[in-house]
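Some notes on the structure that comes next.
The values are calculated or read from the model by the stated rules, or taken from the named source; none is laboratory data. Only a predicted model underlies this, so the values are computations on that prediction, with no experimental measurement involved. Methodologically, a virtual Cβ is constructed for each residue, glycine included, from the backbone with ideal geometry; neighbour enumeration extends over all protein chains shown. The protein model used for the area step is the full one, side chains on, heavy atoms only, and it has no ligands, DNA or RNA in it. Shrake-Rupley method; radii C 1.70, N 1.55, O 1.52, S 1.80 Å.
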There are 2 protein chains.
Amino acid sequence: MVGRAAPASGGARPVVALAPGTGTLRPLPALAARLASGFWFERTAVNAARSLAAGLAQLEATGTLENLRLAAGTAQGDYRGTLPFLDTDVFKWLEAVSWQLQQGESGGWSPADAKAWSVAADEVIELVAAAQAPDGYLDSYVDVVLGGERWGDLHSGHELYCAGHLIQAGVAHRRATGRENLYTVAVRFADLIVEEFGEGGRRVGYCGHPQVETALVELYRESGARKYLDLAGRFVDLRGSGLLGEHPFGRRYFQDVTPVRETHAVHGHAVRALYLAAGVADVYLETREPELLAALESQWDDMVRGKTYITGGTGSRHRDEAFGDAFELPPDLAYTETCAAIALMQWAWRMLLATGHVRYADMFERVLYNGFLAGVSLAGDHFFYVNPLQVRPHSTLGPEGRQEWFHCACCPPNVMRTLASLRHYLATGDADGIQIHQYLDGSIRAGAAGVDISTGYPFDGGVRLSVPAQCAGEWTLSLRIPPWARGAAGLELDGAALAADETEGYLRVRRSWRGGERVELTLPIRPELTAADPRVDAVRGCAAVERGPLVYCLEQRDQEASIDEVRLLGPARDVGPIQVADVAVPGIELDAEVFVTREPVPEQRASAAPLRAYEAAWGYRPVGSGTRHSDVAAHPHVTLTAIPYFAWANRDFGAMRVWTPLA
Amino acid sequence: MVGRAAPASGGARPVVALAPGTGTLRPLPALAARLASGFWFERTAVNAARSLAAGLAQLEATGTLENLRLAAGTAQGDYRGTLPFLDTDVFKWLEAVSWQLQQGESGGWSPADAKAWSVAADEVIELVAAAQAPDGYLDSYVDVVLGGERWGDLHSGHELYCAGHLIQAGVAHRRATGRENLYTVAVRFADLIVEEFGEGGRRVGYCGHPQVETALVELYRESGARKYLDLAGRFVDLRGSGLLGEHPFGRRYFQDVTPVRETHAVHGHAVRALYLAAGVADVYLETREPELLAALESQWDDMVRGKTYITGGTGSRHRDEAFGDAFELPPDLAYTETCAAIALMQWAWRMLLATGHVRYADMFERVLYNGFLAGVSLAGDHFFYVNPLQVRPHSTLGPEGRQEWFHCACCPPNVMRTLASLRHYLATGDADGIQIHQYLDGSIRAGAAGVDISTGYPFDGGVRLSVPAQCAGEWTLSLRIPPWARGAAGLELDGAALAADETEGYLRVRRSWRGGERVELTLPIRPELTAADPRVDAVRGCAAVERGPLVYCLEQRDQEASIDEVRLLGPARDVGPIQVADVAVPGIELDAEVFVTREPVPEQRASAAPLRAYEAAWGYRPVGSGTRHSDVAAHPHVTLTAIPYFAWANRDFGAMRVWTPLA
């Protein structure tokens, strides 16, 4: 009864397509990328050391685990919380622990740690298994709150969404540990879903919250059983037919307006749209149906043209957590959910594998260092759900800082599983060599090819690679050159300048390596000012500071003037490091002037006689002649200090802005 | 058992304070202001001829009237709709019909019309009365859906809010018609509420949605019974003590964070905040308690400084229909509910009466001509709930244009009652003469004083007043000079320039009128460009066009270039009238340049070598040297045409903007 297919050839890491493909990239073997030190080692070590433990404590404290006990009949009481998808917090946490277990000591856990975590995970898995019905069904909300009434609300019941996260966790746990206790639970539920929703099954439908699509394709890859891929394809094919019915926010809210193949723009709830896109990309990776890729590419273009924040965040609207219209990108009202950042990374990774196009790796990096990483505190135990690019003083818009957990806690365990599996997403390899998309401090091995890497990236642009003796042979080392460095990257081989083609965003060095060579890549990391497309009304006349892959921001606590009352005067420059929690980040200084005076405002209209009785407080004034702000008298100069956006709100929570007006 | 107090001395029109006060203004007698022709005559005639009939049809079609039949036990079935306050749509409609009936033929209804409407209103009143419980309670949702479980949910049940609208309707109907059939129903419910919530009553609490406060004060004025004023004061005094409990959007959502007297900023749900402020102002008008006025004045200052749109709209946020932070005024994401405009007019009027300060009349005018009037179609049968100041092409943000009715239909009948009672809010009078706050085409009589007025306002700045023979005597004619005209208004008496003091926003002419004099006021109405406080990030570097009291906008249909891709080059100028539906509005032309080229964008960073591989679609670029938009090559010039904001979306629904970038 339980899926017993042999592990697929790919195995042991995410998104290894079974379909024979050409012109695409392949994920590295399971432990091929190791983080030894440096930026991502530290961030993932915090995840391993603190976030996972905090997550387990929260799952217990909030009653999310108790809900599973209720479903299993081993506890009595009411369902805790009100949302129907709280089980997924458990599943995502299990997925995170699994990926962390896979790394062993290289991930920061001692053997004793790993043993303890494996036991803790098994206890949770036991709880999950106990909550499963004899026929494979598993959903504590449906069991406890709805009296077991299944599939009654595909519109907003989230049952398939929950199943998807269970499947992802089961697959990850098997890939990471080789064990089947969670995988078996997942497969049993998946089989029931295939019976229910597969071709000829009892029901025709799909989930209001996409996510199960990518899970089913991963289960296909893990099990080799085609039926899971077919069902994922079926969900993709059916979507857009309106079967879900109406939604208060419109059918576009859950991407049910047009068939996937005819959808050329991103719209609706951002996380749903992006999980769906990732699932469609997964189906494409296995079916190679050109229409799917074409639709995904148009959706991508639409997204990056005017629906993506400079941080890689998406979702402009609080009301329905949705993409805005093109160029509707308010920094203050940005929703930019942490889960949307994660979903975008998942989509970007699959598009990179499918096409090999550098732009997907570029976007992965942008989201990773900014929109995603800001979602978790540097200490690893507080999280943002919403990630604004501007916070006004004493804002009433959101909570005052990161929270330990949420009523709707999708983001924290999503951060955890992403960091725990991050090393899978840094490089690819094929018969021709290795392709490094993100710069890590550690090592990469792919078949005969391999490099050891030492770098201070993202703070420093020097990347020193050495080819170990055992990697001698002819292969190509491909190094992604980020967009801000293209045409300006330096490359040396054993201390001598090396001419290498920069093609399609990668410097490619093909040679017969003897082993022992030292390759040094120099990326010009320095502060730069960036402007938005002038159609982005919300940040017209403003600049953001970027430094390498990092977007910067101004926090009020670092300034001598109100950040809402200054204009930038000149270029940005490096200053010494600034300590934020236990991370020393490169600071940036900017010259600015204060544009709001506290003196009484002269009340006159350009074309009329002086008006004595303009209401002093009224927020609008006649446009002056010659200058836009004729009401400004003196402009005291100040020096502003910026820090990386990912580090904001780690000292206190106050006013912050990414975009600042230019004088 | 029913309140039988004699009509109060004020009677027959809104907000006539009973308290003896000095230094404040007094509403005019009931029929003192008559609209004979011109702008407001037309708009209110459309309301009388079309909106009221459309409203009645909708109340029947949507089942809102049927709900009252269910409560009365004269029909069977389920409650129609899901909201607990649908009864208020009936009450507001009845209030509108009442004020219209008061006007008789001067309001546009023939005697036959008036008779028919009186009968129609009586039928609805009968329905309302039948739904009333023997003890006076009346709420169809509570009766039908909650099985009569009363007062169980002050947090969001809206019972007192519903009662407030019933009371307002009952008072209006009695003032307007002298009849007591609706008033009696209202008084019975009000008496029950006093028993329940009054000092020593069974309950201590107040409503999650303020509104009953102003209704109770009006009932006090109408009945003379102090207990209603006391209860209004009690609700005001208790508010802010946290009795309502938590709210998902925070307790500030329903103004339950701080006591009213300690609240110095507007916050939370805009309509709630503004109805509460109006209610507090009503209490102040009767009690003259300085702390209440001080709190209201600080709230006002906070609102107009950075929480009010140029249209007079308020409420920046869709999610919780709330005020934003200071200077959070996005034109595209503006919520600016039509009801918030109406609530602000109610507050402004009460502040004007309380203080005589011109700024409240200024704001009343701004809201009236812009944020309020845009809420209804020129044909009178379609309504906006949300009133954005910018709509992008094919926006997914709201419905495509005004709607006939809404699931939550608070706005349409609110518009109707406001237009039907508008003449009460145009001028005031006292022993010293009359004060004209808004310019109407018609006549005003107040005791011995009076003028006939002929004007093309708001399209034309000439206001011709004549003093009829019967108004001979010594009195002061006070004419409000709008802020854009202060210091620049012309005044003539019988063709000769007249020197008159412009004090505190009013030109005041005190003399012994013989009768027959002709006074001509000339207000300099011409197109002007307005800028926002530079701290309003969302419209930085932009200008709006204003012409007299009217805010203008660009509708895409009138332009030869995309309104999202143009920058203004120079001043605005009048062009001939533009026909919008059956209204000819003054058009305005602006010179502009197109700033978005369709050619490939040069991909380079200011300080680096050319970058070949910047993703073409990515919406961000390095800040160029010297210009903010170095990616713009050619700037074709175009001429743009603007129309008044109130008239937008009357020909079709497409892209629109109030704020346009300045070159």
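Taking the charge dipole of chain B about its Cα centre, with +1 at Lys and Arg Cβ atoms and -1 at Asp and Glu Cβ atoms, the residue from B:Leu83, B:Val658, B:Gln403 reaching farthest to the positive side is B:Val658. Report the calculated FRET efficiency for A:Leu243 and B:Asp652 (r = Cβ-Cβ distance, R0 = 35 Å), to the nearest 0.05. After rounding to 0.05, the efficiency reads 0.65.
Computed about the Cα centre, the dipole magnitude for the protein assembly as shown is approximately 940 debye when only Lys and Arg (+1) and Asp and Glu (-1) carry charge, each at its Cβ. A label point on A:Pro290, set 7 Å along the Cα-to-Cβ line, lies at 8.3 nm from each of its counterparts in the other copies, closest listed first. Applying the criteria of a DSSP loop state and at most 12 other Cβ atoms within 10 Å to the chymotrypsin sites (Phe, Trp or Tyr not before Pro) of region B:257-314 yields no site. Each Lys and Arg contributes +1 and each Asp and Glu -1, all at the Cβ; summed about the Cα centre of region B:285-407, the dipole is approximately 220 debye. Comment: the Cα-to-Cβ extended label point of A:Gly401, at 7 Å, lies 5.1 nm from its counterparts in the other copies, nearest first. I'd like the FRET efficiency for A:Thr522 and A:Asp432, computed as 1/(1 + (r/R0)^6) with the beta carbon distance as r and R0 of 22 Å, rounded to 0.05. With a Förster radius of 22 Å, E is 0.35.
Listed values for region B:105-110 are Karplus-derived 3J(HN,Hα) couplings in whole Hz (6.51 cos²θ - 1.76 cosθ + 1.60, θ = phi - 60°), namely 5, 5, x, x, 9, 6, and x replaces Gly and Pro. Close amide H contacts of B:Gly462 (hydrogens built in the peptide plane, cut-off under 5 Å, sequence separation of 5 or more or a different chain): B:Gly456, B:Leu523. Each residue, A:Glu289 and B:Val575, gets one label point 7 Å from its Cα in the Cβ direction; the gap between the two is 5.0 nm. Relative to the longest principal axis of the Cα atoms of chain A, the long axis of helix A:181-197 lies at roughly 90 degrees. Scalar couplings 3J(HN,Hα) for region A:489-498, obtained by applying the Karplus form with A = 6.51, B = -1.76, C = 1.60 to θ = phi - 60°, are 7, x, 9, 10, 10, 6, x, 10, 3, 10 Hz; x denotes Gly and Pro. The C-alpha atoms of chain B define a longest principal axis, and helix B:212-223 lies at about 50 degrees to it.
Length gained on full extension, A:Ala130 to A:Ala617: 168.9 nm, using 0.36 nm per residue less the C-alpha separation.
Put a plus charge on the Cβ of each Lys and Arg, a minus charge on the Cβ of each Asp and Glu, and nothing anywhere else: the dipole of chain B about its Cα centre is then about 780 debye. Using Cα-only point scatterers and the Debye equation, what is log10 of I(q)/I(0) for region A:55-98 at each q in 0.20, 0.29, 0.30, 0.35 Å⁻¹, rounded to two decimals? The Debye formula, applied to the Cα set alone, gives -0.60, -1.09, -1.13, -1.28. Between A:Leu231, A:Ile436, A:Trp300, the Cα set farthest toward the positive side of the dipole of chain A (charges on each charged residue's Cβ, about the Cα centre) is that of A:Ile436. For region B:473-524, trypsin sites (Lys or Arg not before Pro) meeting the loop criterion (DSSP other than H, G, I, E, B) and having at most 13 other Cβ atoms within 10 Å: B:Arg514.
Computed with every protein chain present, the accessible area of B:His155 is close to 40 Å² [probe 1.4 Å].
Simple rule: put +1 on each Lys or Arg Cβ and -1 on each Asp or Glu Cβ in chain A, find the dipole, and look at A:Tyr220, A:Thr311, A:Ala361; the Cα lying farthest toward the positive end is A:Ala361. Heavy-atom accessible area, probed at 1.4 angstrom with all protein chains present, ranks B:Phe41, A:Phe595 as B:Phe41, A:Phe595, highest first.
Remark on region B:454-566: hydrodynamic radius 16.8 angstrom, per the Kirkwood mean of 1/r across alpha carbon pairs.
Note on surface exposure: B:Asp143, B:Asp302 rank B:Asp143, B:Asp302 by accessible area, highest first, 1.4 Å probe. For A:Asp558, the solvent-accessible surface computed with a 1.4 Å probe is close to 40 Å², ligands and nucleic acids excluded. Solvent-free Debye calculation, one equal scatterer per alpha-carbon of the protein assembly as shown: log10 I(q)/I(0) at 0.05 Å⁻¹ equals -0.41. What is the sum of charges, Lys and Arg at +1 and Asp and Glu at -1, for the other residues whose Cβ falls under 10 Å from the Cβ of A:Asp432? Every neighbour counted, the sum reads 0.
Equivalent-ellipsoid semi-axes (√(5λ), Cα gyration tensor) for chain A, whole Å, largest first?
Semi-axes, largest first: 41, 32, 24 Å.
Per-residue ellipticity at 222 nm computed for chain B from its helices equals -10000 deg cm²/dmol, with DSSP H segments shorter than 4 residues left out and the rest contributing -39,500 (n - 2.57).
Backbone phi angles across region B:39-44, fed through the Karplus curve with coefficients 6.51, -1.76 and 1.60 (θ = phi - 60°), yield HN-Hα couplings of 4, 6, 4, 5, 5, 6 Hz in residue order; Gly and Pro are listed as x. For A:Asp78, the label point sits 7 Å beyond Cα toward Cβ; its separations from the matching points on the remaining copies run 2.5 nm, from shortest to longest. Each Lys or Arg adds one and each Asp or Glu takes one away; over the other residues whose Cβ falls under 9 Å from the Cβ of A:Arg261, this sums to -4.
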